[in-house]
Amino acid sequence: MSDRDKIIVALDVESCDKALKLVESLDGYANFFKIGLGLIGRGGLELASTLKKRGLHVFLDLKLFDISNTIKNAVSGLCEAKFDFLTVQGDPQVVKAAVEGRGKSNTKILAVTFLTSLDRKDLDQNLIIPGEVQTLACSRAEKAILAGADGVIASPKELSIIRENSLCMTKIIVTPGIRPTNSAIDDQKRVATPYEALKMGASYLVIGRPICQANDPLAAYEEIKTQISNN
Ligand code: C5P
């Protein structure tokens, strides 16, 4: 797999028109795009289908969470469009229902462990979950894989520990919280550079603001590839 295939550009912009312009500005360079909740109310699903028809890879990041019957129905419907990746929350019953709903489709079901914008302090203040974030993320990853997930979404800080787990060793790990050298961290907390994340075992990197908010997204994208290959 080339570096190009490992970078997923998160289309975190305000409209599908802007998203399409961004895709077109990366034409011939990037071939994998993530559409998330920010675009869903603005025609994001139609955009996702358009990108698929253009031969691009699409990651639908909906982080689904509901009762099993609803998850199964939702995933079954979404998989008709043959998106490449779809996220659900990493709770085993959600993952299991998603895998059932996916049926024979090739869409990979990826489980969210913990958001990369959360750290131990947030867990103390809001979620009251005891334990080290790394251990919790690894345990969630393991349970999601046991429930049938094809892979997990995990921060760079949990990559090594998840990769060491025998159940997760060969699975897909998609890593957000990526910040190229010299770029702003924004609201992310558990971050790493693209090179570090790949070295620690990420299968794919999700990169949003460092590319979509750059004055020249193509230059930013190419700089990330240079940073990866020059290390
Ligand atoms: O702009 P930035 O590179 O921080 O964007 C990261 C993207 O990855 C966002 O679209 C966000 O929704 C997504 N994401 C994340 N943490 C997760 C799962 C997805 O930041 N655990």
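The values are calculated or read from the model by the stated rules, or taken from the named source; none is laboratory data. In this text, all values refer to a predicted model and were calculated from it rather than measured experimentally. A quick note on method: Cβ atoms are made from the backbone with ideal geometry, for glycine too, and the neighbour counts reach across all protein chains shown. Side chains included, ligands, DNA and RNA excluded: accessible areas come from the protein's heavy atoms. Shrake-Rupley method; radii C 1.70, N 1.55, O 1.52, S 1.80 Å.
When residues of region 212-231 are filtered for being within 15 Å of the ligand (Cβ to nearest atom), in contact with a Ser or Thr (Cβ under 8 Å, 6 or more places away or on another chain) and farther than 13 Å from A10 by Cβ, how many remain?
Of the residues in that region, 1 qualify.
Does region 153-161 include one or more residues that are over 21 Å from A10 (Cα atoms), more than 12 Å from the ligand (Cβ to nearest atom) and in contact (Cβ under 8 Å) with a residue 40 or more places away in the chain?
Taking region 153-161 first, the residues over 21 Å from A10 (Cα atoms) are 160-161.
With the extra rule that they be more than 12 Å from the ligand (Cβ to nearest atom), the set shrinks to 160-161.
Cutting the leftovers down to in contact (Cβ under 8 Å) with a residue 40 or more places away in the chain gives us 160.
Scanning region 153-161 turns up at least one residue that is over 21 Å from A10 (Cα atoms), more than 12 Å from the ligand (Cβ to nearest atom) and in contact (Cβ under 8 Å) with a residue 40 or more places away in the chain.
When E158 is evaluated against the numbered criteria (1) under 19 Å from K6 (Cα atoms); (2) out of contact with any Leu (no Cβ under 8 Å at 6 or more places or on another chain); (3) open to solvent by 20 Å² or more (accessible area, probe 1.4 Å), which criterion, by number, is the only one it fails?
Exception for E158: condition (3).
Within region 9-18, does at least one residue satisfy the condition of being out of contact with any Leu (no Cβ under 7 Å at 6 or more places or on another chain), surrounded by 14 or more Cβ atoms within 10 Å (Cβ to Cβ) and without any contact (Cβ under 8 Å) to a residue 24 or more places away in the chain?
Taking every residue of region 9-18 in turn, at least one turns out to be out of contact with any Leu (no Cβ under 7 Å at 6 or more places or on another chain), surrounded by 14 or more Cβ atoms within 10 Å (Cβ to Cβ) and without any contact (Cβ under 8 Å) to a residue 24 or more places away in the chain.
With the requirement that a residue be near the ligand (Cβ under 9 Å from one of its atoms), in a loop (DSSP other than H, G, I, E, B) and in contact with a strand residue (DSSP E or B) (Cβ under 8 Å, 6 or more places away or on another chain), what does region 169-187 give you?
P176, G177, R179
Only one residue in T175, T193, T135 is polar (S, T, N, Q), open to solvent by 40 Å² or more (accessible area, probe 1.4 Å) and touching a helix residue (DSSP H, G or I) at 6+ places or on another chain (Cβ under 8 Å). Which one?
Details: T175 fails: open to solvent by 40 Å² or more (accessible area, probe 1.4 Å); T193 fails: open to solvent by 40 Å² or more (accessible area, probe 1.4 Å).
The match here is T135.
Just checking, does region 151-166 include any residue being outside any helix (DSSP H, G or I), charged (D, E, K, R) and either more than 15 Å from Q93 (Cα to Cα) or modelled with pLDDT of 95 or more (or both)?
No: region 151-166 contains no residue that is outside any helix (DSSP H, G or I), charged (D, E, K, R) and either more than 15 Å from Q93 (Cα to Cα) or modelled with pLDDT of 95 or more (or both).
What residue, among those in region 199-211 that are within 15 Å of the ligand (Cβ to nearest atom) and open to solvent by 20 Å² or more (accessible area, probe 1.4 Å), is nearest to T181 (Cα to Cα)?
P210
Do you know which residues across region 138-155 are polar (S, T, N, Q) and open to solvent by 10 Å² or more (accessible area, probe 1.4 Å)?
If the condition is that a residue be polar (S, T, N, Q) and open to solvent by 10 Å² or more (accessible area, probe 1.4 Å), then S139 is the only one that fits.
From D27, D84, grab the single residue that is out of contact with any helix residue (DSSP H, G or I) (no Cβ under 7 Å at 6 or more places or on another chain) and farther than 21 Å from R209 by Cα.
Answer to the selection: D84.
So A141 passes all but one of these: (1) touching a Ser or Thr at 6+ places or on another chain (Cβ under 7 Å); (2) more than 14 Å from the ligand (Cβ to nearest atom). Which condition number does it fail?
The number of the failed condition is (2).
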